[in-house]
Structure formats: structure tokens, C-alpha cells
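**Q** Sharing a structure with you now.
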Amino acid sequence: MTPGPTLSPERLAGLRSGTLSEVRAALAGLPREHLAAWLAAPDGEDLLRAAFDRMPERYTGGPMDGPQIARWEVERPPADTVAYDLVLTEDTCDVRETGISGAPAVTLTLDAVSFVEMASAAAEGMDLLLKGRLHIQGDVHLAIRMESLFGLAEPGEPL
């Protein structure tokens, strides 16, 4: 595999910041293909894994009928898919390797660029679903709640 494109230090800092406004600013004007190629490289994989690592601290929680498993599959062709299971309760989110926590209630599959856009509130999940970039298998109600469970329903909030 050839190395991914190089991003400016300022853009990299914004993408890695974990702050909604800074990530969105870093995405502005960046061609989708350019970001997709970078996310398929090792640095991009690190960024995606860091986003999952931050999920428990971003989790706002909400009513649940017992623990729910939401599997995220982030595709980054030609590289391997980044996938995690999130075990969600009313007030906790535990990020785990896929398959060790049982069958997921819902599986959300999307490309890496769409994941970054959704995780930074630069794009809404419903828009990604309607554009065919987000695929949901299983509990659609739980999938629809993801943005609110992680405080992404209100743009401008810190990620």
C-alpha cells in the first residue's frame, strides 16, 4: 500500500484535537478522497482508534433496557476495517474489541470519512443514512439515538 496523502500540521492538529469545532474546521475544504486516503494509512487508523478511546468520556447516557451492544464497523479501503463493540448502559459506555461481549443489538457500518463527519457533528447520521453512507442492521431505534447518547445532537458542543 502506498502512503496516504500528507495533511498540514494545522489540519492534523485539528483532526486530532477531539473538539467538535476544531475537527469540523479541519474538515472544511478537505476533499473527501484526500481524507479517505489519509484515514486508510496508519496515522488515520490511529485517529479512528483514538476517537473510540474517547467515547466513554463523551457518553451522556440515557434510558436503556439493560446493557446494549452497538457494533461500529468503520471501513477504510484498501486497509482493514476498524471495528469496536460499545457496551452501553444508562450511564456507562465500555469500548471493547468486537465479538467478546456477545451479539450486538445494532451494527452501524460506514466509511471512515463519514464516521469522522458524524463523530464531529459535521454530518448527521440520518443524512448519512439517506445518502447510503451509513448502514444499520438490527435495532434502528438504538442506532438513531447514538448522536444524542454521545452529545452530538447539538452542533458546537465540545466533542
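**Q** Name the shape class, rounded, prolate or oblate, that the alpha-carbon gyration tensor gives for the range 18-137, where a ≥ b ≥ c are the square roots of its eigenvalues, rounded holds for a/c under 1.5, and otherwise prolate holds if a/b is larger than b/c and oblate otherwise.
**A** Prolate is the answer for the range 18-137, as a/c is 1.5 or above and a/b outweighs b/c.
**Q** Within the range 79-112, list the residues whose amide N lies under 18 Å from a label point set 7 Å along Cα→Cβ of ALA50.
**A** 82-83, 112
**Q** With springs only between Cα atoms under 10 Å apart, run a GNM on the chain and tell me which of GLU22, GLU33, GLU73 wobbles the most.
**A** Evaluated over the chain, the most mobile residue of the options is GLU33.
**Q** With the full set of protein chains in place, find how many percent of the accessible area of the range 9-159 is carbon and sulfur; take the probe as 1.4 Å.
**A** About 51 percent, which is the carbon plus sulfur part of the accessible surface.
**Q** About its Cα centre, how strong a charge dipole does the chain have in debye, to the nearest 20, once Lys and Arg get +1 and Asp and Glu get -1 at the Cβ?
**A** 320 debye
**Q** Tell me the Kirkwood radius of the range 67-116: reciprocal of the mean inverse pair distance over distinct alpha-carbon atoms, in Å.
**A** 11.2 Å
**Q** Rg (Å, one decimal) plus Dmax (Å, integer) for the alpha carbons of the range 1-52?
**A** 10.4, 32
**Q** Between ASP65 and LYS131, what FRET efficiency follows from the Cβ-Cβ distance if R0 is 25 Å, with the result rounded to 0.05?
**A** Given R0 = 25 Å and the Cβ-Cβ separation, E is 0.25.
**Q** Quick one: compute the contact order of the chain, relative version, from alpha carbon pairs under 8 angstrom and 6+ residues apart, as a percent.
**A** 23 percent
**Q** Also, quick follow-up: For the modelled label position 7 Å from the Cα of ASP139 along Cα-to-Cβ, which residues of the range 106-126 have backbone nitrogen atoms closer than 12 Å?
**A** Residues passing the 12 Å test: 106-107.
**Q** Using the heavy atoms of the protein chains alone and a 1.4 angstrom probe, what is the accessible area of the chain per residue in square angstrom?
**A** Counting only protein heavy atoms, the per-residue value for the chain is 50 Å².
The values are calculated or read from the model by the stated rules, or taken from the named source; none is laboratory data. Please read all numbers here as calculations on a predicted model, not as lab measurements. We place every Cβ from the backbone using ideal geometry, glycine too, and count neighbours over all the protein chains shown. What goes into the accessible areas is simple: the full protein's heavy atoms, side chains included, and nothing from ligands, DNA or RNA. Shrake-Rupley method; radii C 1.70, N 1.55, O 1.52, S 1.80 Å.
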